[in-house]
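Notes to accompany the following structure.
The values are calculated or read from the model by the stated rules, or taken from the named source; none is laboratory data. None of these values were measured; they are calculated from a predicted model. In this analysis, Cβ positions are derived from the backbone assuming ideal geometry, glycine residues included, and neighbour counts consider all displayed protein chains. Protein only, heavy atoms only, side chains kept; ligands, DNA and RNA dropped before computing areas. Shrake-Rupley method; radii C 1.70, N 1.55, O 1.52, S 1.80 Å.
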Amino acid sequence: MTREQYILATQQNSLPRTENPQFYPVGIYGWRKRCLYFFVLLLLVTMIVNLAMTIWILKVMNFTVVSISATLSYFLY
């Protein structure tokens, strides 16, 4: 905190406050909220595409539970 900020924060203000001291809006508003929603949507789309490509690769490579276990047992023994 700079000296000016400290002085402004600690000095007495004789002007009456016009805002309601019980109501202080907390949250994200405006462009920040839109960017947050955009990034959440982008993450969701990325996860769906990733899952779809994983399933597609498993189908194309003809992986099954039996073939995976046979492959693993071949390399383990």
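Sorting Phe75, Phe39 by solvent-accessible area of protein heavy atoms yields Phe75, Phe39, largest first, with a 1.4 Å probe. FRET efficiency for the pair Ala52 and Ile28, taken as 1/(1 + (r/R0)^6) with r the Cβ-Cβ distance and R0 = 22 Å, rounds to 0.10.
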